[in-house]
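See structure below.
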Ligand SMILES: [Zn+2]
Ligand SMILES: [Zn+2]
């Protein structure tokens, strides 16, 4: 077996290398990678070589949204067998800190997360991963859908934190991949009105197709008065910002209902942005944030298997492994058209 991987090689460049087969520890499984999604963070590292304090040093393998087939198991693996198809949750945590022990393992300070420097990602033929972070896919969930569990988990976490429930009105700012999985998650949790805001007409069309009841083009319409009109002046129970624009973060306080909840998901280019806390306090609104997700892979897989969430509809472009660099360059130069690109490695 040879293990080929593609590394980012400085910014906007990639090289192929043959790498050693991964060491399979007793509690690990060896996975033959089949599908890997290209995430906004991968593209950001590819273009800029860093995200905040995480800096890429030397050649680096990107990719953290993946699914594949188990081809070998460690001595102590109990619940998975060769031939099982699995989705890989990317973060290996310490299991010992207070966050891990309390189930908030996404906050573990010692997490080793795929494609977050210095830990390599999964654009390779084979990867070893702990059994307990590999989730078996039922027969009616494809590897493609398995790879999409990762972004979907973000949408499920955002809507869970916002406590989106039956009959709610939800406003979602942004129609990137995360905006759309937040939409799918809101719909699955029973939201009655889902209002999606962006400036790209084609993306707003996609949002409509995926179940948005109302879409607002912020370039053409007044967002605040339009939401006022749709909600009879009440605002939304839950407002989720995935756009990470200064203006949308600010508008969350305007459009949230009295007693409602705001969840910030999108990262703003500037660390500090202006926000009207007096307005939020006058409504007794809650302001929440999320960091990745936790305990949601089984939920996402069950939701896909049951048909509650049709996640594969967010895929807009597919490429072969050999075309990985072309795929990244395509995503960079067609950012407005690409919702989710995936690479077929298998
Ligand atoms: Zn991702
Ligand atoms: Zn920990």
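Just to be sure, is residue 175 under 26 Å from residue 286 (Cα atoms), assigned to a loop (DSSP other than H, G, I, E, B), in contact with a helix residue (DSSP H, G or I) (Cβ under 7 Å, 6 or more places away or on another chain) and at pLDDT 95 or above? Break it down into steps so the answer makes sense when it comes.
Values: under 26 Å from residue 286 (Cα atoms): yes; assigned to a loop (DSSP other than H, G, I, E, B): yes; in contact with a helix residue (DSSP H, G or I) (Cβ under 7 Å, 6 or more places away or on another chain): yes; at pLDDT 95 or above: yes.
It is true that residue 175 is under 26 Å from residue 286 (Cα atoms), assigned to a loop (DSSP other than H, G, I, E, B), in contact with a helix residue (DSSP H, G or I) (Cβ under 7 Å, 6 or more places away or on another chain) and at pLDDT 95 or above.
Just to confirm my filter: which helices (runs of 4 or more DSSP H) fall fully inside the stretch 219-333 and include at least 2 residues that are buried (at least 19 other Cβ atoms within 10 Å of the Cβ) and over 23 Å from the mean Cα position of the chain (by Cα)?
Working: elements: 223-230, 246-255, 277-282, 297-306, 324-333.
Of the helices (runs of 4 or more DSSP H) lying wholly inside the stretch 219-333, those with at least 2 residues that are buried (at least 19 other Cβ atoms within 10 Å of the Cβ) and over 23 Å from the mean Cα position of the chain (by Cα) span 223-230, 246-255.
Scan the stretch 113-134 and tell me whether some residue there is buried (at least 21 other Cβ atoms within 10 Å of the Cβ), within 18 Å of the chain's Cα centre (by Cα) and in a strand (DSSP E or B). Scanning the stretch 113-134 turns up at least one residue that is buried (at least 21 other Cβ atoms within 10 Å of the Cβ), within 18 Å of the chain's Cα centre (by Cα) and in a strand (DSSP E or B).
For beta carbons closer than 6 Å, sequence separation of 6+ or different chains, a first residue in the stretch 146-158 that is more than 23 Å from residue 238 (Cβ to Cβ) and a second that is within 11 Å of ligand 1 (Cβ to nearest atom), the qualifying pairs are 147/37; 147/65; 147/66. Of all residues assigned to the stretch 66-85, at least one qualifies as being more than 14 Å from ligand 1 (Cβ to nearest atom), under 20 Å from the mean Cα position of the chain (by Cα) and over 30 Å from residue 239 (Cβ atoms).
So how many residues does the stretch 89-112 have that are in a loop (DSSP other than H, G, I, E, B), under 30 Å from residue 7 (Cβ atoms), under 21 Å from the mean Cα position of the chain (by Cα) and within 10 Å of ligand 2 (Cβ to nearest atom)? I'd like the intermediate steps shown before the answer.
Here is the first cut: in the stretch 89-112, the residues in a loop (DSSP other than H, G, I, E, B) are 89-90, 93-97, 102-104, 108-111.
Those still in the list that are under 30 Å from residue 7 (Cβ atoms) too: 89-90, 93-95, 108-111.
Still in the running and under 21 Å from the mean Cα position of the chain (by Cα): 89-90, 93, 108-111.
In the following step, the residues that additionally are within 10 Å of ligand 2 (Cβ to nearest atom) were identified as 93, 108-111.
Within the stretch 89-112, residues that are in a loop (DSSP other than H, G, I, E, B), under 30 Å from residue 7 (Cβ atoms), under 21 Å from the mean Cα position of the chain (by Cα) and within 10 Å of ligand 2 (Cβ to nearest atom) number 5.
Can you find even one residue in the stretch 70-78 that is touching a residue at least 60 places away in the same chain (Cβ under 8 Å) and surrounded by 15 or more Cβ atoms within 10 Å (Cβ to Cβ)? So far as the stretch 70-78 goes, yes, one or more of its residues are touching a residue at least 60 places away in the same chain (Cβ under 8 Å) and surrounded by 15 or more Cβ atoms within 10 Å (Cβ to Cβ).
The values are calculated or read from the model by the stated rules, or taken from the named source; none is laboratory data. The structure displayed is predicted, hence computed values, not measured ones. Cβ coordinates were reconstructed from backbone atoms using ideal geometry, including for glycine residues, and neighbour counts include every protein chain displayed.
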